[in-house]
Amino acid sequence: MKGPRKQINGVRKKVSRWVMESHIGRELDSDEIVHHIDEDPTNNNIENLVLMTISEHRRHHMTGDRNPFFGEKHTEEFKKWLSESRKGAKNHRYGKKHSEETKQKMREARLKRTIYKDSKGRFCREEDAI
Ligand SMILES: [Zn+2]
């Protein structure tokens with residue numbers, strides 16, 4: 001996860017690492033990662049940061065969809081979105097639109113059945129057919 005970087009004493013690293021290091025009072029190991037709880041890499045408040053090992057961090061991001069691009073929060077959002085869109089498929093407006101289409105098809109089918117050719121070969125309604 002890319003986040004803003006800051007140069008302090010000639011060392012350039014993620015702001016989240018600086019914040020965590022000053023919080024715990026030591027430098028982070030190379031296998032330690034600072035995770036952003038709200039998945040916002042620009043939110044570097046200490047309350048938003050969790051220190052994890054690289055493997056813990058990977059496991060954390062692999063939960064849910066087992067998709068490394070979905071964090072837990074995103075997965076929840078994705079699930080919510082999915083259930084909302086499922087509801088949408090069943091919602092009244094959607095159903096009405098669909099049944100309008102069906103009605104139109106039925107109307108057309110009925111029309112075709114009742115269209116005849118008159119004696120001159122022109123199309124006409126049943127009542128005009130000879
Ligand atoms: Zn993370």
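The numbers here are math on the coordinates, done by the rules we state, and not lab data. Given the structure is predicted, the values throughout are model-derived calculations rather than measurements. So basically every Cβ, Gly included, is an ideal-geometry build from the backbone, and we count neighbours across all protein chains shown.
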| Amide H contacts under 5 Å for Leu49, placed H, 5+ residues apart | Ile37
| query | What's the exposure ranking of Arg58, Arg12, going from fewest to most Cβ atoms within 10 Å? | reply | Arg12, Arg58
| field | HN-Hα J in Hz across the stretch 16-24 - Karplus 6.51, -1.76, 1.60, θ = phi - 60°, x for Gly and Pro | value | 4, 5, 4, 4, 5, 4, 6, 6, 8
| Amide H to amide H under 5 Å from Lys13: which residues, 5+ apart in sequence or cross-chain, H placed 1.01 Å off N in plane? | Lys6, Ile8
